[in-house]
1. Out of the range 291-305, which residues are over 18 Å from Val261 (Cβ atoms) and over 16 Å from the mean Cα position of the chain (by Cα)?
2. Could you check, for the range 347-361, whether at least one of its residues is under 23 Å from the mean Cα position of the chain (by Cα) and without any contact (Cβ under 8 Å) to a residue 40 or more places away in the chain?
3. Of these, Ala195, Ala176, Ala189, which one is touching a residue at least 60 places away in the same chain (Cβ under 8 Å) and open to solvent by less than 20 Å² (accessible area, probe 1.4 Å)?
4. Could we say that Arg236 is basic (Lys, Arg), at pLDDT 95 or above and either in a strand (DSSP E or B) or not assigned by the TED database to the domain that holds Ser151 (or both) here?
5. Could you list, in sequence order, all residues of the range 365-418 that are out of contact with any Gly (no Cβ under 8 Å at 6 or more places or on another chain), under 27 Å from Leu311 (Cα atoms) and of a type in the set (A, V, I, L, M, F, W, C)?
6. Step by step: first the residues of the range 269-286, then only those that are open to solvent by less than 10 Å² (accessible area, probe 1.4 Å) and either in contact with a Lys or Arg (Cβ under 8 Å, 6 or more places away or on another chain) or not assigned by the TED database to the domain that holds Asp97 (or both), then the one that is farthest from Glu212 (Cα to Cα). Which residue is that?
7. Restrict the check to the range 203-224 and report whether at least one residue is over 30 Å from Gly37 (Cβ atoms) and assigned to a loop (DSSP other than H, G, I, E, B).
8. Could you count how many residues in the range 134-155 are in contact with a Phe, Trp or Tyr (Cβ under 9 Å, 6 or more places away or on another chain) and more than 18 Å from Gln309 (Cβ to Cβ)?
Amino acid sequence: MAALWEDVLRDEPAIREAAAVAVDAALLEGVLMRTEGEPNASDVVNYAPFTLLPSAVPSALFEQAYAVQQDFNLLVDAISQNKEFLESTLASTVKADDFTARLFRIHMQVLEEGLAQSVFLGINRSDYMFDCGVDGTPALKQIEINTIAASFGGLTSRTVAVHGQVLKVLGKPKEASRLLPNNPSKGLALGIAKAWELYGSQSAVVMFLVEEVQRNIFDQRCVEKELWNRNIRVIRKRFRDVFERGSLDDAKRLYVDGQEVAVVYYREGYVPKNYDQQNWEARLLLERSRAVKCPDIATQLAGTKKVQQELSRPGTLERLLPGRAEAIARIRATFAGLYSLDMGEEGDKIAATAIADPDRFVLKPQREGGGNNLYGEELRQVLEKIRDSPERTSYILMDKIKPQPAVNYLLRAHSPLQASECISELGIFGVYVRQGKEMVMNKAAGHLLRTKAVEHADGGVAAGVAVLDTPYVV
């Protein structure tokens, strides 16, 4: 696998020419981000970082990742409806992690009041790496499932054309024609449009809830454009707009700036720094409304690392998905080893094992957005510090996945052109819509491949570590 583009990689003049073409192609196709210097202005933009060449992905693992996505959609939805499971699973975490605790409190308050929302929309992305076992056979292993603000469905829709152009310039038109079409933004918009339709008000809008700093706006605009194409009105608001100018009527319909909101699509609200007291109040207002939240707070909690670890325990999937033995087998086949750090003998034992052999594991806090995980010596130091403290329950341990590196060029604005040893992560977007108890849509909506240099243990595209890529299925 590592030798996919070996002939090309030896030809430096051809690589330089292809890189120049690639950058222009990315700008032409709209693979864009705002700059760090002007994160809220679109009059200065640059290309989003991407690989020069598409990366090899084994066809069997690619197909496996797609085949299991509807199962994961059902699982996330089942967890979000299971109050007892969320309560018992997160019991230790909410004591040690204030952010999860505050989300959980809102969840409980909304349940006590009675859910006003009757239509539920899930947009998630299940992320995998290809683990090379002892015998060198790659296996699909799930890193995590993102249930809130799963990004890059828009820009990845436009990256295929860039890589197709690069391969043609390098004299590989046959290989270019083998790149798979991919348009997650269309699939995500289909889900949002279905939820909007089921909400049942032609004049209501879809509200993108966005961050104060919006570098990744073009990714969101791809989804937005698909909705406008269906004559669905889209507004973009921040938490503070909701706090200052949002309200509920007697029927718990949500209004922001006088406009009724049918669907709230979160591209914000997944990390503690997104919240101050006003923003927490705005979040509660949104959750209490009958608007379709993507995600509602229970679905956000379903994506926590602690839930992921609990799912790997024997019997848990059977409890959540009764009578679905085949789906359970497909899901379980993707699990890496996951371990609880709860207080008690089991947690003590695994903490001691990880301190003794830190390179075997990854230490994961209850956080989204990349760049939070701990490895190696840093993992050991943190675990030694918290091994006897309840603070350790705000983390989980996972077996470290060891993928096979391949050589590629990572194209970043203002960075020199140089070859890097790289590893890739495959994400599959899933979309589902449930009305009451009836699942009205459940589909895989496309994929995202991100690649980074081997020296960067953790972090995604938005965190500035990984770059956009296209799978070349082999």
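The values are calculated or read from the model by the stated rules, or taken from the named source; none is laboratory data. Here the structure is a predicted model, which means the values were calculated and not measured. Note: ideal-geometry Cβ built from the backbone for every residue, glycine included; neighbour counts use all protein chains shown. Accessible surface areas use protein heavy atoms only, side chains included; no ligands, DNA or RNA. Shrake-Rupley method; radii C 1.70, N 1.55, O 1.52, S 1.80 Å.
1. Once the filter is applied, which keeps residues that are over 18 Å from Val261 (Cβ atoms) and over 16 Å from the mean Cα position of the chain (by Cα), the range 291-305 yields only Ala298.
2. yes
3. Ala195
4. Yes.
5. Correct list: Leu374, Leu379, Val382, Leu383, Ile386, Ile396, Leu397, Ile401.
6. Of everything passing the filter in the range 269-286, Leu286 is farthest from Glu212 (Cα to Cα).
7. Yes: one or more hits.
8. Number of matching residues: 9.
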